[in-house]
Amino acid sequence: MKCPYCGNPEDRVVDSRESREGEVIRRRRECIRCGKRFTSYEAVEEIPCMVVKKNGDREVFDRDKVLSGLRKACGTRVAEEKIGAIADRVGAVVAKSPDRELGAADIGEVLMEELKREDHVAFVRFASVYRDFQDTQDFVKEVRALLRKRAPAKRREKVPKAR
């Protein structure tokens, strides 16, 4: 560590303490040449999570972008805490992936699976944008697929139609 006062590269550590819940180590140092003390902070350099876009470009994973898309799809149907939890789970999937990067298509699929478990309407809204539905037939196909996979519900009594 270079002394900020005289530029000497030699110093001795006088004191070390953890700060910020152990994420950073604060070190008090004393310059060997001029005797002045200064503080340095040591932290692990995080490797950013990356998203590989469809065109091959790489971009840093942005949780806020994920949240924005989820909020648009969910509207008021899903609680904000659940939306945040979905974004956190997707971020964890990206962080656990090899080289801390994942394709945008893979992230979209993970998001759709999460939404499918949480709220079918929010899932269809998200899928309509993500999969670029062109007409109502695309919506119908997706809803039919949801209905086929849906767990068998209790049979509802038939309500006679009003005359």
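No lab work stands behind these numbers, since they all come straight from the coordinates. Since we're looking at a predicted model, the values are computed, not measured. Methodologically, a virtual Cβ is constructed for each residue, glycine included, from the backbone with ideal geometry; neighbour enumeration extends over all protein chains shown.
Couple of notes before you dig in:
- Nearest 10 degrees, 0 to 90: helix 104-118 Cα axis against the chain principal axis: 60 degrees
- Dipole axis of the range 50-149 (+1 Lys, Arg; -1 Asp, Glu on Cβ), positive-most option in ALA73, VAL90, VAL52: ALA73
- Cut-off under 5 Å, modelled amide H: who pairs with GLU101 long-range: MET50
- Sum of -39500 (n - 2.57) over DSSP H runs of 4+, divided by residues of the chain (222 nm, nearest 500): -13500 deg cm²/dmol
- Taking amide hydrogens as placed 1.01 Å from N in the peptide plane, the amide H of VAL24 sits under 5 Å from those of SER19, each at least 5 positions away in sequence or on another chain.
- Student exercise, the chain dipole from Lys, Arg, Asp, Glu Cβ charges, in Debye to nearest 20: 1000 debye
- Annotation: amide H of ARG77 has no partner in the under-5 Å range at sequence separation 5 or more or interchain, hydrogens built in the peptide plane.
- J(HN,Hα) series, the range 46-59, from Karplus relation 6.51 cos²θ - 1.76 cosθ + 1.60, nearest Hz, glycine and proline x: 6, 8, x, 7, 10, 10, 9, 6, 4, 7, x, 5, 10, 9
- Compared with the dominant Cα axis of the chain, that is its longest principal axis, helix 120-130 is turned about 70°.
- Normalising the Debye intensity of the range 44-118 to I(0), with uniform scatterers on Cα atoms only, and taking log10 at q = 0.18 Å⁻¹ returns -0.69.
- The protection proxy used here, the mean number of other Cβ atoms lying within 10 Å of each residue, ranks peptides 101-112, 75-86, 4-15 as follows, highest first: 101-112, 75-86, 4-15.
- DSSP-assigned coil residues among trypsin sites (Lys or Arg not before Pro) in the range 28-60, each with at most 12 further Cβ atoms within 10 Å: LYS53, LYS54
- Among the listed pairs LYS116/LYS141; LYS54/LYS149; LYS54/LYS96; LYS72/LYS96, those beyond 24 Å (Cα-Cα): LYS54/LYS149; LYS72/LYS96
- Of all DSSP bridge pairs formed entirely within the chain, close to 85 percent run antiparallel.
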